[in-house]
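Okay, so here's the structure we're looking at.
The values are calculated or read from the model by the stated rules, or taken from the named source; none is laboratory data. Source: prediction; values computed, not measured. Heads up, the Cβs are rebuilt from the backbone with ideal geometry, glycines too, and the neighbour counts pull from every protein chain shown. Heads up: the accessible areas ignore ligands, DNA and RNA and are worked out on the full protein's heavy atoms, side chains in. Shrake-Rupley method; radii C 1.70, N 1.55, O 1.52, S 1.80 Å.
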Amino acid sequence: MPSAHKTAAVAVFTAMSLTGCLGTGQDGEDGPGRETGARPPGGEIGTADPDRTIARQTFGSPIADGATLEIGIIELKVSGRLAHLTLVLTPRNAGSDQVSVSQLNGRSAPDVALLDTVNLKRYRVVRAGERQLQPHHIFDKVRNGQPNVQTYTFAAPPESVRAVDVSFGQWAPFRNVPVTR
């Protein structure tokens, strides 16, 4: 009889495979030096229309004086037992052509989360083994002055939850982001 942990791991892997959450990269493709636009563990970069946001805010970034980061939410869509958050990040910085999300957030991980204010729960990015289903905040670079689409995968909130708050980095959360089913 399989253990509960093995059964749960198989169920999560199957769900992520069916929803396209698992990357298909070969060995060596998910380390330092991966080019912008490569497929991260959380989904694809650059596969959604960055002009179709449902919420957008611009924040100051500690990377340099006068630097900003525009964050737009394209959608939060439930597929089975998982929810996929699609964001567009547009950094504006007089520095280098490409930067990491960690650098834009003051050299720390953005700690992306869904905040369910109905049930008072916080949803963190799903893990598949040792990998979080999100772009790597250090190695995946975003292009300066250009929209960079990224996806993050979470456990889906209950069907009764119609909207959540979305927390990204050190900045104020987006309030009442609709959950699409």
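Computed quantities for the displayed model
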read-out	value
Test result for residue 89, open to solvent by less than 20 Å² (accessible area, probe 1.4 Å) and on the phi < 0 side of the Ramachandran plot	yes
Residues being hydroxyl-bearing (Ser, Thr, Tyr), part of a loop (DSSP other than H, G, I, E, B) and without any contact (Cβ under 8 Å) to a residue 40 or more places away in the chain - total across segment 47-75	1
Scan of segment 76-109 for residues that are over 21 Å from residue 125 (Cα atoms), assigned to a loop (DSSP other than H, G, I, E, B) and of a type outside the set (S, T, N, Q), ordered by number	94, 95, 97
Criterion (touching a residue at least 40 places away in the same chain (Cβ under 8 Å), in contact with an Asp or Glu (Cβ under 7 Å, 6 or more places away or on another chain) and among the aliphatic types (A, V, I, L, M)) met by exactly one of 164, 125	164
Selection count, segment 110-121, where residues are out of contact with any helix residue (DSSP H, G or I) (no Cβ under 7 Å at 6 or more places or on another chain) and either among the hydroxyl-bearing types (Ser, Thr, Tyr) or not in a strand (DSSP E or B) (or both)	6
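Results for (1) closer than 23 Å to residue 49 by Cα; (2) open to solvent by 70 Å² or more (accessible area, probe 1.4 Å); (3) not hydroxyl-bearing (Ser, Thr, Tyr), shown as yes or no for each residue.
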site	(1), (2), (3)
112	yes, no, yes
122	no, yes, yes
128	no, no, yes
137	yes, no, yes
144	yes, no, yes
153	yes, no, no
158	no, no, yes
172	no, no, yes
178	yes, no, yes
